[in-house]
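Note sheet for the following structure.
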Amino acid sequence: MLKPLYLYFILAMFVFTSCAGLRSISFTSDNIQPGMTKAQVISKFGKPDRESFNKTENNVLYETLYYVHFEPKGTTSYYDYILDFKNGELVSMRNEPQVDKSVKTITVKKE
């Protein structure tokens, strides 16, 4: 009799932990501002899903953090919140629908 109970418990744990890697992050003007440092953003929102960087000949460092956002309203929508930093300070933020969530890319800007 205990064997089926253990199987249900294991199945329930699998179901609940299978979505544990997905997060619902909301970047708003209340919690993120231009001029924030990269360290402040990571401290507040956690490690990004992807990062890219480019250092120009003039020693200007451009970094981009990508946060995957899962829209939990009964859909399977994924968005990339893309945060751009110049010399360690946040200069822009945008979000774009993620076409294929299994693709991991590294973007390098060229000046």
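The values are calculated or read from the model by the stated rules, or taken from the named source; none is laboratory data. Owing to the predicted nature of the structure, the values given are computational and were not obtained by experimental measurement. Side chains are part of the model used for accessible areas, which takes the heavy atoms of the whole protein and leaves out ligands, DNA and RNA. Shrake-Rupley method; radii C 1.70, N 1.55, O 1.52, S 1.80 Å.
Annotations for the structure displayed:
- Criterion (modelled with pLDDT under 55, open to solvent by 70 Å² or more (accessible area, probe 1.4 Å), more than 17 Å from the chain's Cα centre (by Cα) and among the charged types (D, E, K, R)) met by exactly one of K86, K109: K109
Listed here are the residues, each with its yes/no results for (1) closer than 24 Å to P34 by Cα; (2) open to solvent by 70 Å² or more (accessible area, probe 1.4 Å); (3) modelled with pLDDT under 55.
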position: Y66; (1), (2), (3): yes, no, no
position: Y81; (1), (2), (3): yes, no, no
position: E96; (1), (2), (3): yes, yes, no
position: K101; (1), (2), (3): no, yes, yes
